[in-house]
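Working notes, beginning with the structure itself.
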Amino acid sequence: MTANVPTVTLHNGVTMPQLGFGVFQVPDAETTAAVTAALDAGYRSVDTAAIYGNEAGVGKALAVSGLAREEVFVTTKLWNADQGYDATLRAFDASLAKLGLDHVDLYLIHWPTPARDLYRESWKAIERLVADGRIRAAGVSNFQPAHLRRLLDSSSLVPAVNQIELHPGLQQNELRALHAELGIVTEAWSPLAQGAVLGEEAITAVAQRHGKSPAQVVLRWHLQLGNVVIPKSVTPARIRENLDVFGFTLSDDEMAAIAALDRGLRTGPDPDTLN
Ligand code: NDP
């Protein structure tokens, strides 16, 4: 089954499903089953990372799925310890080998780790991998405005995507505006705040009105803002539920009620200080 997921077009013309499947904190041995459930439900985009230790499990699910390579959009990420020009090239090879692929659709620098100041060298290596056809789109993750500007001071390759923590408790309006200006797609990680916002009255009230779950309302809010989302679940019913978000629309008032929940709530590390 293929769900009716819209795509976004990245600045280089590559298209990416607006809703994909995240596998952070899923043990490698359980990853193949989770990704298989997601592909069966109709997801066609999977977000992993070298540090998650489950690229092999993702690769197995892709291999047994029977889907053609071009039907699935695969993202993985360069880990912090592997930043630098040569180390990036080696880490990328290792990721591809684990995934069992000859290219990825999107490769991200996972964190800027600004005190180490290696992301510009890493980006040069990524430029080479793009030129070699091994990465269809290059992006970053957890980059703050200053990191994006510093990167673009030394490169003409604009990141296609910045994957950042974003949910109703942390709406990232400054970064979203800068992305719009630079032509960068905003991808939301922990789009459900790992569950922390699902009990909010503003969200449960909207959910009741639409006969949807709080998670579906939050995902719908993201999609209407134009964010790419990658909710994670290892629970088959939730995997299906999180994809069933295209048959209803939040009103302007409902969007505004959720906008009012913005309060600087970080569930993960602060990109300015993680090194
Ligand atoms: P999410 O916001 O996607 O939340 C996942 C949690 O919510 C799990 O505990 C899951 O439980 C639960 N959940 C999922 N669906 C529902 C539902 N319908 N109803 C109720 N609860 C639900 O958090 P993640 O941190 O996993 O973020 C998503 C993805 O973003 C990651 O998997 C990863 O791919 C990426 N990411 C990237 C980061 C980066 O630095 N670039 C950092 C963190 C995440 P259960 O699984 O038990 O069903």
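The values are calculated or read from the model by the stated rules, or taken from the named source; none is laboratory data. This is a predicted model, so every value here is computed, not measured. No Cβ is skipped: glycine too gets one built from the backbone with ideal geometry, and neighbour counts run over all protein chains shown. The protein model used for the area step is the full one, side chains on, heavy atoms only, and it has no ligands, DNA or RNA in it. Shrake-Rupley method; radii C 1.70, N 1.55, O 1.52, S 1.80 Å.
Tell me, yes or no, whether the stretch 1-17 has at least one residue that is touching a residue at least 40 places away in the same chain (Cβ under 8 Å), over 14 Å from Ser233 (Cα atoms) and touching a Lys or Arg at 6+ places or on another chain (Cβ under 6 Å). Scanning the stretch 1-17 turns up at least one residue that is touching a residue at least 40 places away in the same chain (Cβ under 8 Å), over 14 Å from Ser233 (Cα atoms) and touching a Lys or Arg at 6+ places or on another chain (Cβ under 6 Å).
Return yes when Asn227 is among the polar types (S, T, N, Q), surrounded by 18 or more Cβ atoms within 10 Å (Cβ to Cβ) and in contact (Cβ under 8 Å) with a residue 12 or more places away in the chain and no when it is not. Here the answer is yes, as Asn227 does meet what is asked.
Does the stretch 26-34 include one or more residues that are of a type in the set (D, E, K, R), in contact (Cβ under 8 Å) with a residue 60 or more places away in the chain and in a helix (DSSP H, G or I)? Taking every residue of the stretch 26-34 in turn, at least one turns out to be of a type in the set (D, E, K, R), in contact (Cβ under 8 Å) with a residue 60 or more places away in the chain and in a helix (DSSP H, G or I). For the stretch 198-235, the candidate set comprises residues that are over 20 Å from Ile164 (Cβ atoms) and among the polar types (S, T, N, Q); within that set, the residue that is farthest from the chain's Cα centre (by Cα) is Gln208.
Candidates Glu201, Glu174, Glu165, Glu187: the one that is of a type in the set (D, E, K, R), within 23 Å of Asp272 (Cβ to Cβ) and open to solvent by 20 Å² or more (accessible area, probe 1.4 Å) is Glu174.
Quick one: would you say Thr75 is modelled with pLDDT of 95 or more and outside any loop (DSSP other than H, G, I, E, B)? Criteria met by Thr75. Of everything in the stretch 16-54, what is under 15 Å from Val72 (Cβ atoms) and more than 14 Å from the chain's Cα centre (by Cα)? Give them in sequence order. Thr31, Thr32, Ala34, Val35, Thr36, Ala37, Ala38, Leu39, Asp40, Ala41, Gly42, listed by residue number.
Scanning the stretch 116-137 for residues that are open to solvent by 20 Å² or more (accessible area, probe 1.4 Å) and of a type outside the set (A, V, I, L, M) returns Arg116, Asp117, Arg120, Glu121, Lys124, Glu127, Arg128, Asp132, Gly133, Arg134, Arg136. Note on the stretch 116-141: residues that are in a helix (DSSP H, G or I) and either touching a residue at least 12 places away in the same chain (Cβ under 8 Å) or on the phi > 0 side of the Ramachandran plot (or both) amount to 12.
The residue pairs whose first member lies in the stretch 185-210 and is within 20 Å of Ile239 (Cα to Cα), whose second member is more than 9 Å from the ligand (Cβ to nearest atom) and of a type in the set (Val, Ile, Thr), and whose beta carbons are closer than 6 Å, counting only pairs six or more residues apart or on different chains, are Glu187/Val161; Glu187/Val228; Ile203/Val217; Ala207/Val217. Cβ separations smaller than 6 Å between residues 6+ apart or across chains give the following pairs from the stretch 144-159 residues that are hydroxyl-bearing (Ser, Thr, Tyr) to residues that are open to solvent by 50 Å² or more (accessible area, probe 1.4 Å): Ser154/Arg120.
Residue count for the stretch 1-34 satisfying the condition of being among the β-branched types (Val, Ile, Thr), modelled with pLDDT of 95 or more and open to solvent by 50 Å² or more (accessible area, probe 1.4 Å): 3.
Against the condition closer than 22 Å to Ser45 by Cβ, hydrophobic (A, V, I, L, M, F, W, C) and within 8 Å of the ligand (Cβ to nearest atom), how does Ala180 come out, does it pass? Considered against the rule, which asks whether it is closer than 22 Å to Ser45 by Cβ, hydrophobic (A, V, I, L, M, F, W, C) and within 8 Å of the ligand (Cβ to nearest atom), Ala180 comes out as no. Note on the stretch 35-54: among residues that are not in a loop (DSSP other than H, G, I, E, B) and not aliphatic (A, V, I, L, M), the one that is surrounded by the fewest Cβ atoms within 10 Å (Cβ to Cβ) is Asp40. Taking the stretch 100-115 as the search range and keeping residues that are within 16 Å of the ligand (Cβ to nearest atom) and either open to solvent by 10 Å² or more (accessible area, probe 1.4 Å) or without any contact (Cβ under 8 Å) to a residue 60 or more places away in the chain (or both), which one is farthest from His11 (Cα to Cα)? Among them, the one singled out is Pro114.
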